[in-house]
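Values in this text are rule-based calculations from the coordinates and carry no lab data. Here the structure is a predicted model, which is why all the values come from computation and not from measurement. Don't worry about glycine lacking a Cβ; one is built from the backbone with ideal geometry, like all the others, and counts go over all protein chains shown.
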Amino acid sequence: MSEKLQKVLARAGHGSRREIEAMIAAGRVSIDGKLATLGDRVEANKSLRIRIDGHLVNVVESESEVCRVLAYYKPEGELCTRSDPDGRPTVFDRLPRLRGARWIAVGRLDVNTCGLLLFTTDGELANRLMHPSNEVEREYAVRVFGQIDDAKIRQLSRGVQLEDGPASFKTLKYTGGEGINQWYNVTLTEGRNREVRRMWEAVGVQVSRLLRVRYGDISLPKGLPRGGWIELDLKPVNYLREMVGLPAETESRVPVEKDRRRTKANQIRRAVKRHTSNGAGSSRAGHTRRPSTRRG
């Protein structure tokens, strides 16, 4: 059965559907020697010749690859892009290298936002997790600066008008603070650009720190340093897949239980070393208290 080209390439781990559509539009993809166009359909088989930037892609072998997912603690100051012309750090800089596949970010966090960011090798999984129709819940810990009263809380819960349409928090819970610096935990089920910040700004309140602590039921792992990552084992991977209607995996690349603690400790030590050496983990960041991750 034929499928859209971008779906086949996304499932094979060559990018999200949106990224691949951009590649096709830019003339970077060919099928059997002919330039691909948006809307092309293909049937994955051994005789199919798909090239990206002139490099042959074997989608048949890629379809049998194990779906992998990373939980990454994004620091402030990193960009959610594969490369930056100005040489600024990106979220892909410290991820483990892959052969025959690549990491795809599940959504984005703006440069001044830190916290949980998921990566996967399965473009179809990334696409479905990001799609608004699946309403995957995101939770954030937010430190706000300004006067907050019951009327503003009601307004944020019922909905505020943004440039790209109305928006509201699914839950909003006060978690502490001093003076006019207050912490709240909020949840929502979409990922529009800077949505959490813009919602608070709509009621005259400034966000001074923003940390994503949960995506679906996947929480920011305790003890994971900024700039560190950990690979999820089979149970959370299949939770994500089944939540968006994909079949469960039967294999995992994560070490068996007896080796997992040692592997995790080594990953964290390497992440801390890299994070400290490149200057992304400042002493200020290293001593900032992580806010409450209680669910709203």
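Can you bin the range 3-63 into rounded, prolate or oblate? Criterion: square roots of the alpha carbon gyration tensor eigenvalues sorted a ≥ b ≥ c, rounded for a/c under 1.5, prolate for a/b above b/c, oblate for the rest.
It comes out rounded by the Cα gyration axes.
Pairs to check: 74/173; 7/235; 4/46. Give those whose C-alpha atoms are more than 27 Å from each other in this structure.
none
Please compute the volume of the convex hull spanned by the alpha-carbon atoms of the range 90-163 and report it per residue in Å³.
Taking only Cα atoms, the range 90-163 has a hull volume of 143 Å³ per residue.
Using a cut-off of 10 Å between beta-carbons, work out the net charge of the residues near residue 41 (Lys and Arg +1, Asp and Glu -1, residue 41 not included).
It works out to a net charge of -1.
Out of residues 5 or more away from residue 112 or on other chains, whose amide H comes under 5 Å of its own, with H placed 1.01 Å from N in the peptide plane?
Distant-sequence amide H within range of residue 112: 77.
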